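Each remark here refers to the structure printed beneath this line.
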Amino acid sequence: MTTPTAFAIDEARTRLHELTVIDVRTPGEYAAGHLPGALNIPLDQIRRALPDIRHATDRGDVLVVCASGARSRNACEFLAENGVTAATLSGGTAAWAADGHELHRPQGASRATWGMERQVRFTAGVVVLLGLLLGLVVHPAFQLLSAGIAGGLVFSALTGTCGMAATLARLPRNRPRAADLDSTLASLRSR
């Protein structure tokens, strides 16, 4: 498998007007701040959007972004497997903002939305503490919950994937409404 092309922040900024930018984070993360002009197509919806993304590459380069670059790299690899060339943003929206560039927020969007990484850390911490507490109070076998989370974190680090993030992405707060995704795909088609 080839490594996707990665744009540096400065290159993406200077070419932003000519790029189709696709943000693969959850709708909540997207609402908390995204690159100007970015369209929100969550990673788990990329397959559905494939024909429209393929059509967008006929008109110019596609830049896929996420919070840090991991999900966008996965999206670019999936797109490449399906004959679509796309680049990722080095460091993601976090690096974009850290470099002093503006993030756009939809009107009425809450700035209190947690990013997926923070949701994963919180959930893992809660389950570990719960496993330890139940292991002390109820039965030592509950400590296996904590061990399971530890094993999952090690697996996640070694493979660059995260099952907990994939599960959390399916929660209603992290999913786009069907009408929103349809609207995004229509916008992508009309560019």
Remind me, relative contact order of the chain in percent, using alpha carbon pairs under 8 angstrom and six or more residues apart? 26 percent
So for region 1-93, using the alpha carbon gyration tensor with a ≥ b ≥ c as root eigenvalues (a/c under 1.5 gives rounded; past that, a/b versus b/c decides prolate or oblate), I'd call it rounded
Normalised per residue, the volume inside the convex hull of the alpha-carbon atoms of region 146-187 in Å³ amounts to 75 Å³
(i) 1.13; (ii) 0.98; (iii) 1.78: which one is Cα Rg over 2.2 N^0.38 Å as calculated from this entry? (i)
Ranked highest first by average number of other Cβ atoms within 10 Å, how do 117-123, 76-82 line up? 76-82, 117-123
If you roll a 1.4 angstrom probe over the protein chains with everything in place, what fraction of the accessible area of the chain belongs to carbon and sulfur, to the nearest %? 59 percent
Cα gyration tensor shape for region 76-180, rounded if a/c is under 1.5, else prolate or oblate: prolate
Sum -39500 (n - 2.57) across every DSSP H segment of at least 4 residues in the chain, then divide by the residue count to get the 222 nm mean residue ellipticity, nearest 500. -16500 deg cm²/dmol
For region 21-153, with only Lys/Arg (+1) and Asp/Glu (-1) charged at the beta-carbon, what is the dipole magnitude about the Cα centre, in debye rounded to 20? 280 debye
Rounded, prolate or oblate: which fits region 76-135 when a ≥ b ≥ c are the square roots of the eigenvalues of the alpha-carbon gyration tensor, with rounded for a/c under 1.5 and prolate only if a/b beats b/c? oblate
Mind jotting down the distance between the C-alpha centroids of region 124-158 and region 1-76, whole Å? 35 Å
How large is the accessible surface per residue of the chain, computed with a 1.4 Å probe and reported in Å² as a whole number? 54 Å²
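The values are calculated or read from the model by the stated rules, or taken from the named source; none is laboratory data. Note that the coordinates shown come from a computational prediction; the quantities given were computed from them, not determined experimentally. Please note: Cβ atoms are built from the backbone with ideal geometry, for glycine as well, and neighbour counts cover all protein chains shown. Each accessible area value is taken on the protein alone, full model and side chains, heavy atoms only, with ligands, DNA and RNA left out. Shrake-Rupley method; radii C 1.70, N 1.55, O 1.52, S 1.80 Å.
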